[in-house]
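To start, the structure under review is shown below, and the notes come after it.
The values are calculated or read from the model by the stated rules, or taken from the named source; none is laboratory data. The shown structure was predicted, so the numbers you read here are calculated from the model rather than taken from an experiment. For neighbour counting, all protein chains shown are included, and Cβ atoms are generated from backbone atoms with ideal geometry for every residue, glycine included. Just the protein is used for accessible areas: all its heavy atoms, side chains included, with ligands, DNA and RNA removed. Shrake-Rupley method; radii C 1.70, N 1.55, O 1.52, S 1.80 Å.
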Amino acid sequence: MRKEDLVVQDVLKNLDLGSLGDVGETLRSLAGANTAPVGPESSSIPDDAKPPLCDRCHKLVHHHTGVPIYHPTIDSIRETIEESPYKYNHVYHVIDAADFPMSLIPRINDLLDLMPLRSTNRRSKTAEFIRGQKTEVSFIITRSDLLAPRKEQVDSLMPYLTETLRSALGRRGRNVRLGNVWCVSAKRNWWTKELKEEVWKNRGASWMVGKVNVGKSQLFEAIFPKGRMDWKPKKHEIGIQVFASDKDSKFKKPNAADPLAVDEGSLLPPPQEETQFPPMPVVSSLPGTTASPIRVPFGNGRGELIDLPGLNRSDLEAHVLEEHRHHLVMKSRIVPEQQVIKPGQSLLIGGLIRITPATPGLIFLAYSFTPLEAHVTSTEKAIAVQEQADDAPNVENISVPGTGELIKKAGSFELCHDVTKIRAGPITRKEAVGISVDRLPYRVVGIDILVEGCGWVEIVAQMRTRDLFRQKPAEEHEKREEVEEGTENKPARLQTLDLRPEAEKQPETETPTLTRGTKGTPDRLQSLDLLSDDAPNERAEEESAQPTGPAWPVVEVFSPNGKFIASRRPLNGWMLNKPKKTATKSRPRPSMKGVKIMEKRARREMASSYE
């Protein structure tokens, strides 16, 4: 029964329906007043009713508008975790797959006073108790459905994701075990069931830590163990106390019925009352949707899953018009178009980011995995659009007025990753032609340009192998020979060790000529160059024969204040997200109706001739 019906029945009970005659009978039948009076138990709100939303949450859910909160600092997150009442704590560092690994919090173990990541040393400890609590950390790469259309393809990327995460961790990531990395998708339910069981197995408090708009709240609903209040331990299962002792704990045991269980100055709010299917946090693309920690208990006191507010991720939205800010978040997988950047052209991403090739005479291919519009135009026009010039062409620019004056160079990025084996097709496959990459006359190189909080752009170029691994140009060798010829009259070698000025030098007195083996003063060293006269030429030839290293193609990226840009090893997203090839329609087959008519006519003529 709806709450509106309950209100109508309460009103009708106070009315004299008998004096209204037929109208009263109609009202009595329609409102159900003939039924038994409604008691206090039946007038209670049903269990499946959702709690009322505040104005901010209502606008976020139904109108996709709202005011973001002030993002907390890493220190406040650390102090919040330190107030945990549980003995066992597990921090899940949520990283977005859209701009992976830019949303990684560097040195998260040190910043949150967590245990260091376990090294590859076999004697390294798995975990230990510090101040009566054990806190571990795991990495969750969420929204993995943005990388590939199928779960098997994403699973095949795990070695790449692990090594990219290792390099992003810096020097500390070289010798650590990264067996605690998950790649999940709450939208497609990829590996969320297994992660839910791990949350249940870990007990205690599980904390969702990460930057804004990485998908924490959406993942929260997918991995929360619902409907397990009636859980009972097995007969042979050893019971473990999940709460810290009163001596070591800084916080009382969670009790939703006692609001005084939380100190006034505590950063951790009281927990919700435990139910089988509690309400989940609000999910929105607005940065800073979660305003404060949300504690949801499960398992009849077994543990809690806590959603923390996101840390500040990027200020790129401050340079974007308000009506286009929701386009900065990649909400679904993108099937990009292949953009061909010829010499003298540049690629514009939303009119805000410009990618300009710096290697002349080379054609680049670009694939934009961002929700912003990609446009290829001449470099002069691209500069005019990005700087918001008055004579700029009519190309969409989502930046706010005045952003053009803040455009700076974010860096020069070399396409230093060889992707020939992946891009060459059947030429390098063992089951096909099977030619080695070293024997090919060309190389395909690439790199991924990351836009913070938005996505990435894959850049690829093809070069001749001899141009990529070219030696020193011959012009430099010729210039060196000309310099040596012009200095014939100048002494090229040190003639003496006497470095005093000429005025201080005294004229040498005539001394008898000494020969080798005679007694007297030994001969003076006339030169430090012990090589022959033709040694400089030999040295120049050796230097010119040494290769200078690969001449990688270079692209330059320009963005507001020169920020929000990074690079990584190519993911080869184009090979995983190519548009499906539609079957080409062949030439329509001509009708056989006329042929059949001609055959019938021929048979008739033959039959008539026999008659």
Original post:
Which of the residues spanning the stretch 430-441 are in contact with a helix residue (DSSP H, G or I) (Cβ under 9 Å, 6 or more places away or on another chain) and either open to solvent by 70 Å² or more (accessible area, probe 1.4 Å) or closer than 14 Å to GLN462 by Cβ (or both)?
Top reply: VAL433, VAL437, ASP438, LEU440, PRO441
Original post:
List pairs: first in the stretch 116-138 and closer than 14 Å to GLY179 by Cα, second open to solvent by 90 Å² or more (accessible area, probe 1.4 Å), Cβ under 6 Å, 6+ apart or cross-chain?
Top reply: SER119/ASN175; THR120/ASN175
**OP:** Kindly check whether there is at least one residue in the stretch 356-367 that is over 19 Å from ALA97 (Cα atoms), open to solvent by 10 Å² or more (accessible area, probe 1.4 Å) and touching a Phe, Trp or Tyr at 6+ places or on another chain (Cβ under 6 Å).
**Re:** yes
Original post:
Which number in (1) in a helix (DSSP H, G or I); (2) open to solvent by less than 20 Å² (accessible area, probe 1.4 Å) marks the one condition that PRO426 misses?
Top reply: (2)
Subject >> Test set (1) free of Cβ contacts under 8 Å to residues at least 40 places away in the same chain; (2) not in a helix (DSSP H, G or I) - LEU347 fails condition number >> reply: (1)
**OP:** Would you point out the residue of the stretch 149-185, among those that are open to solvent by less than 50 Å² (accessible area, probe 1.4 Å) and of a type in the set (S, T, N, Q), that is nearest to ASN109 (Cα to Cα)?
**Re:** ASN180
Original post:
Name the residues in the stretch 269-319 that are under 20 Å from ASP96 (Cβ atoms), surrounded by fewer than 17 Cβ atoms within 10 Å (Cβ to Cβ) and in contact with a Ser or Thr (Cβ under 9 Å, 6 or more places away or on another chain), would you?
Top reply: ASN312
Original post:
How many of the residues in the stretch 413-437 are over 17 Å from VAL554 (Cβ atoms) and acidic (Asp, Glu)?
Top reply: 1
**OP:** Return a yes/no flag: does the stretch 90-105 have any residue that is under 24 Å from PRO271 (Cβ atoms) and part of a loop (DSSP other than H, G, I, E, B).
**Re:** no
**OP:** Those residues that are within 27 Å of PRO579 (Cβ to Cβ) and hydrophobic (A, V, I, L, M, F, W, C), I need them from the stretch 363-384; list them, please.
**Re:** ILE363, PHE364, LEU365, ALA366, PHE369, LEU372, ALA374, VAL376, ALA382
**OP:** Return yes when TYR86 is at pLDDT 85 or above and of a type in the set (Ser, Thr, Tyr) and no when it is not.
**Re:** yes
**OP:** Report, by residue number, each residue of the stretch 567-599 that is over 43 Å from the mean Cα position of the chain (by Cα) and at pLDDT 85 or above.
**Re:** ILE597, MET598, GLU599
Subject >> Restricting the stretch 83-135 to residues that are basic (Lys, Arg) and either closer than 19 Å to ALA168 by Cα or touching a Leu at 6+ places or on another chain (Cβ under 7 Å) (or both), the residue that is surrounded by the fewest Cβ atoms within 10 Å (Cβ to Cβ) >> reply: ARG107
Original post:
Taking the stated definitions as given, is LYS253 within 26 Å of GLU198 (Cα to Cα) and either open to solvent by 40 Å² or more (accessible area, probe 1.4 Å) or modelled with pLDDT of 85 or more (or both)?
Top reply: yes
**OP:** Pairs only if they're at least six apart or on different chains, beta carbon under 7 angstrom, first in the stretch 387-409 and closer than 21 Å to GLU323 by Cα and among the polar types (S, T, N, Q), second part of a loop (DSSP other than H, G, I, E, B) and open to solvent by 100 Å² or more (accessible area, probe 1.4 Å); list them, first residue then second.
**Re:** GLN388/PRO401
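Rundown of residues vs (1) outside any helix (DSSP H, G or I); (2) without any contact (Cβ under 8 Å) to a residue 24 or more places away in the chain; (3) closer than 19 Å to VAL329 by Cα, yes/no style:
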| residue | (1), (2), (3) |
| --- | --- |
| VAL61 | no, no, yes |
| HIS64 | yes, no, yes |
| VAL67 | yes, yes, yes |
| HIS71 | yes, no, yes |
| SER76 | no, no, no |
| THR80 | no, no, no |
| SER84 | yes, no, no |
Subject >> Residue pairs meeting the criteria (Cβ under 9 Å; at least 6 apart or on separate chains; first touching a residue at least 60 places away in the same chain (Cβ under 8 Å) and under 14 Å from PHE364 (Cα atoms), in the stretch 445-467; second open to solvent by 10 Å² or more (accessible area, probe 1.4 Å) and acidic (Asp, Glu)) >> reply: VAL445/GLU414; VAL445/ASP418; GLY446/ASP418; ILE447/GLU414
Original post:
Which of the residues that make up the stretch 320-344 are open to solvent by 40 Å² or more (accessible area, probe 1.4 Å) and assigned to a loop (DSSP other than H, G, I, E, B)?
Top reply: LEU321, LYS331, SER332, ARG333, VAL335, GLU337, LYS342, PRO343, GLY344
Original post:
If we scan the stretch 403-413, do we find a residue that is touching a helix residue (DSSP H, G or I) at 6+ places or on another chain (Cβ under 7 Å), farther than 27 Å from LYS578 by Cα, not hydroxyl-bearing (Ser, Thr, Tyr) and not in a strand (DSSP E or B)?
Top reply: yes
